């Protein structure tokens, strides 16, 4: 089987090489059949890589430990669900996932434009195949997923317990889909620049892909945050970690592009800016992959012993140099067709939003790469922490949310006093009402949070106003009842109203972020059974200890040998709120040196947090049980001396009983944070809005819209 | 005119970034470098391996020693706050520390562990890669 995989990779590289040649040759000589053949090479690549991926996936499911990557990241005790996801937990496997997703998305993109934009598509084909060739070469020469060992080990190391969390199944594929989708607009931008056809056509072709990239990346980031919040025992959802930042940067420039492309479509402006954003987004996506793969920056995500730094630096260098060359050499065709009419117009507001987003991206870039920058300049590696990031990102985020409320209601070209009064009254009242209510409720000690809530009020009111007006207008024209009119309104202007829904979602999300970060109560304390502590307005009492022994055969569990925990009673005043059961799982280390009993619990320890989540607040709890007491350690030591490997689980049972009988005080971590739930709800709203916007319009509607926009274009030119 | 405004705003932001990042940053040092360079009152990012047998729970805190990746220099650190799950003896950690008197005190909740060694490829010789 491994041979089939290796052959697939070699074949894939050959197909890439042929495709690149055919695409470039075809477009240079005008021989269409070669460009066509290059496109088919992409389809072929998708089939080959699907086969390769299937080979690896099957190896994981069949516990084929002859594959090194299977032996390193999976085991018989790893539950099936996580075995299937373990494919992308290793360096090699995630490279394969990258290349595979790239081939699928490229095929789809090129299939959709198969009858249009031949020349642009040919260059895009070459670029996309170039990326594929790069990743396939890495897998052939640096980190092959199909390396094998003979004879095969009897058992694998197992999937890292920290990764045994349901979103592990979708977080990496989502993020990688986002990253790979970012390269499609980049490829078409290169095509447009190379052929000097930089009008709105190529933008229309990739618009949906840019949106999909943005959506996938956003969902991936949010799932990562969710994982961090409910699996990593620190209770935060964002830590300005290098890899988190790496995924956020292309998302920010992608957001900027999705806004500024509308200006190019409508007014033929900002061409240089748009191609630059697209090229930057693609490059940042590759840099994001590079950060994880190279281990160049310290991060909880960095893979130890990663060696892919040099090839990635070369690729990024080519991308940056190529982008600059293309934009500079084509600047004559990139001139704007119009000038900005007024500083008070939707165009200039979009520009402002772009500037803020790019500034945000730049701040994060600087902070993320600061260790490298400072090492280059001063010789010592130094890094900046979350407070540094917050200092810049908080005000920028405030401006951004405010702009997302102003954008929908300000007029194109030039806003006059009259239409400003008409459009801004309701949103301003919304913001004002929020302010009055919150000040009356006594929420004044955190000015930034207060400002964020008011901005959100502004956004909600402005979007609501747009929906109400639109619905009313449709009722006036078509005479439909309100719900039907609303539905028809959204269906006919998916992009616009989907976008507004996204704005609401983002505002909701930021309300959650502002509230949970500003009004959080956290307590870390050592508590004995029966003891209690106050966290905010809640009292948490340690009722009794728990111990669960997970038999090795039990596949439904995530596979820890022993889980020690606590039953906690959460109350507010006299009222019982919830009973929580946090625990910590102790995993087998597989190290014989730790002794027959010791190794069973000597591996990773993973927190299983327990929380009572609600619309108004989350009560989050984690426990770190103390197993280093002399009584417990004695059991392990005696067990190591007297018990064989088969008998060792008996000692774990004794240990668990002893822990329950004489529980030592345990270290607890409690967090009460308000409105966290709204971060995830906001994310869902964004996702819903994104789906509305991206959903293909019925073909008749599309044709009509195309006709209208063409005639509008003609009028604008005339 | 607009270009001038935009450019000066960009320059302003950039210089603020440069200034604040250099003043707020804490240099990353290995234990032996730290022993040589540490000044009281500044914070440093100490990176190295947790010395086997050095981890001790003291009340709410945690004491451990961090050693150079290669070589023997080790520094004892007293730390308090969240301990990441993968924290183990022998594992590589990064912790922000400050010199207080003769000892190094870890900043609360600043302890990071590098990814578990499971991600590392097995030592050469054990497996034949081809």
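A short reminder: the numbers here are calculations on the coordinates, not readings from a lab. Source: prediction; values computed, not measured. Here Cβ is always computed from backbone atoms with ideal geometry, including for glycine, and neighbour counts include all displayed protein chains.
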>> Let me confirm one metric for peptide A:363-376, namely the mean number of other chain beta-carbon atoms within 10 Å of its residues' beta-carbons.
In response: 3
> For the range A:165-297, what size does the Cα cloud have along each of its three principal axes, sorted from largest down, in whole Å?
Replying inline: 52, 28, 23
> Listed highest first by mean packing, meaning other Cβ atoms within 10 Å per residue, what order do A:191-200, A:648-657, A:419-428, A:70-79 come in?
Replying inline: A:70-79, A:191-200, A:648-657, A:419-428
>> Return the equivalent ellipsoid semi-axes of chain A as a descending list in whole Å, where each equals the square root of 5 times an eigenvalue of the C-alpha gyration tensor.
In response: 47, 37, 21
> Relative to the first principal axis of the alpha-carbon coordinates of chain A, what is the inclination of helix A:91-112, with its axis defined by its Cα atoms, in degrees from 0 to 90 and to the nearest 10?
Replying inline: 30
>> I want to verify the translational diffusion coefficient of the range A:332-473 in µm²/s; compute it with Stokes-Einstein, Rh as the Kirkwood radius over Cα pairs, at 20 °C and 1.002 mPa s.
In response: 120
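Starting from the Kirkwood radius over alpha-carbon pairs of the range A:1-162, derive D by Stokes-Einstein at 25 °C in a medium of 0.890 mPa s and give it in µm² s⁻¹. Could the numbers behind the result be given before it?
Numbers: Rh = 16.4 Å.
The calculation lands on 150 µm²/s.
What is the Å³ per residue value for the convex hull set by the Cα atoms of the range A:144-243?
Per-residue hull volume (Cα only) is 156 Å³.
Roughly what percent of Cα-Cα pairs across the range A:83-233 reach past 25 Å?
Taking all Cα-Cα pairs of the range A:83-233, the fraction more than 25 Å apart is 41 percent.
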> Using mean Cβ contacts within 10 Å as the protection proxy, how do A:211-223, B:37-49 order, highest first?
Replying inline: A:211-223, B:37-49
> Scaled to the compact-protein estimate 2.2 N^0.38 Å, what is the alpha-carbon radius of gyration of the range A:480-538, rounded to two decimal places?
Replying inline: 2.15
> With each pseudo-label sitting 7 Å past Cα toward Cβ, what's the residue A:338-residue A:633 distance in nm, one decimal?
Replying inline: 7.6
> Taking the highest mean first, how do the peptides A:455-463, A:158-166, A:686-694 order by number of other beta carbon atoms within 10 angstrom per residue?
Replying inline: A:455-463, A:158-166, A:686-694
> In the P(r) worked out for the range A:489-585, what percent of Cα pairs fall beyond 19 Å?
Replying inline: 66
> At 222 nm, what helix-only mean residue ellipticity would chain A give, in deg cm²/dmol to the nearest 500, using -39500 (n - 2.57) for each DSSP H run of four or more?
Replying inline: -22000 deg cm²/dmol
> Antiparallel as a % of all DSSP beta bridges within the range B:23-116, to the nearest 5?
Replying inline: 85
> Binning every alpha carbon pair distance of the range B:23-116 at 5 Å from zero, what are the percents per bin?
Replying inline: 3, 15, 28, 28, 18, 7, 1, 0
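For peptide A:647-658, compute the average count of partner chain beta-carbon atoms within 10 Å of each residue's beta-carbon.
For peptide A:647-658, the averaged partner shielding equals 0.
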> For the range A:529-664, what does the equivalent ellipsoid look like in terms of its semi-axes, each the square root of 5 times an eigenvalue of the Cα gyration tensor, given largest first in whole Å?
Replying inline: 32, 16, 11
> Helix A:32-61 sits at what angle to the longest principal axis of chain A, using alpha carbons and giving 0 to 90 degrees rounded to 10?
Replying inline: 10
> Could you give the semi-axes, largest first, of the ellipsoid that matches the range A:220-284, computed as the square roots of 5 times the alpha carbon gyration tensor eigenvalues and rounded to whole Å?
Replying inline: 33, 11, 7
> Based on the Cβ-Cβ distance from residue A:197 to residue A:108, what FRET efficiency comes out when R0 is 22 Å, to the nearest 0.05?
Replying inline: 0.50
> Given the Cα-Cα distance of residue A:435 and residue A:477 and 0.36 nm per residue of separation, how much length would full extension add, in nm?
Replying inline: 11.4 nm
>> For the range A:1-41, I need the span (max minus min coordinate) of the C-alpha atoms along each principal axis, in Å, sorted largest to smallest.
In response: 42, 13, 7
>> Can you compute the modelled spin-label distance between residue A:115 and residue A:419, with each label point 7 Å from Cα toward Cβ, in nm?
In response: 3.7
> How many nm separate the modelled label positions at residue A:574 and residue A:51, each set 7 Å beyond the Cα in the direction of the Cβ?
Replying inline: 7.5
> Quick one: Cα centre-to-centre distance for the range A:128-162 and the range A:630-683, in angstrom?
Replying inline: 35
> Nearest 10 degrees, 0 to 90: what angle lies between the long axis of helix A:271-294 and the longest principal axis of chain A (Cα atoms)?
Replying inline: 20
>> Counting only other chains, and only Cβ atoms inside 10 Å, what mean value do you get across the residues of B:16-26?
In response: 6
